[in-house]
Amino acid sequence: MMLFLAFLLAGIGTYLIRISGVTLLGGDRELPESVNKTLKLIAPAALAAIVANALILNGGEWRGFGAWHLAAIVAIGVALWTRSMGWTLVVGAISFAALLALGL
């Protein structure tokens, strides 16, 4: 029960933090162009940090070369070719699943 309450309170807190930006910046206000550019880059930067961590570490230990790295190379190629985050994620996930299925 305590775990459920912790998750519930964390969810409510996160929601309140997210809605506070809409409430404070709502209306007819325009954000400066530099802020808009920065906000557009937050999601790709966060995803890159998560992926980089997954490529380097496995439960606190250094990860050996394998399916993770080969799928990342494929995803980087797709990202450079298509310039689409969606295609990069889809092809990267499919190539990772295929490499795991092949036993790498």
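The values are calculated or read from the model by the stated rules, or taken from the named source; none is laboratory data. Note that the structure is predicted; figures quoted are calculated from it, not measured. As a convention, Cβ positions derive from the backbone with ideal geometry for all residues, glycine included, and neighbour counts pool all protein chains shown. All accessible areas refer to the heavy atoms of the entire protein, side chains included, with ligands and DNA or RNA removed. Shrake-Rupley method; radii C 1.70, N 1.55, O 1.52, S 1.80 Å.
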ask   = For the pair Leu24 and Ile94, what calculated FRET efficiency results from E = 1/(1 + (r/R0)^6), where r is the Cβ-Cβ distance and R0 = 35 Å, to the nearest 0.05?
value = 0.30
request  = Can you send over the carbon and sulfur percentage of the accessible area for the chain, probe radius 1.4 Å, protein chains only?
outcome  = 74 percent
query = For segment 57-65, in order, what is each residue's ³J(HN,Hα) by Karplus, 6.51 cos²θ - 1.76 cosθ + 1.60 with θ = phi - 60°, in whole Hz (x at glycine and Pro)?
reply = 10, 10, x, x, 10, 5, 8, x, 5
remark   = Computed ³J(HN,Hα) along segment 90-102: with the Karplus parameters 6.51/-1.76/1.60, θ = phi - 60°, integer Hz and x for glycine or proline, the list is 5, 5, x, 5, 5, 5, 5, 4, 5, 5, 5, 5, 7
note = Simple SL model, points at 7 angstrom along Cα→Cβ for Ala45 and Ile73; separation in nm is 3.0 nm
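Whole number in Å², please: accessible area per residue of the chain, 1.4 Å probe, ligands, DNA and RNA not counted. Kindly include the intermediate steps, with their values, before the conclusion.
Values: 8440 Å² over 104 residues.
Using a 1.4 Å probe on heavy atoms only, each residue of the chain averages 81 Å².
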request  = State the dimensionless ratio Rg/Rh of segment 1-73 (Rg: radius of gyration of Cα atoms; Rh: Kirkwood radius).
outcome  = 1.16
ask   = Expressed in whole Å with the largest first, what are the equivalent ellipsoid semi-axes of segment 29-104 derived from the C-alpha gyration tensor as the square root of 5 times each eigenvalue?
value = 29, 16, 8
Structure-based [θ]222 nm, the chain - -39500 (n - 2.57) summed over DSSP H runs of at least 4, per residue, nearest 500 = -27000 deg cm²/dmol
Table column - 3J(HN,Hα) (Hz), segment 16-21, Karplus curve with 6.51, -1.76, 1.60, x for Gly and Pro = 5, 5, 5, 6, 4, x
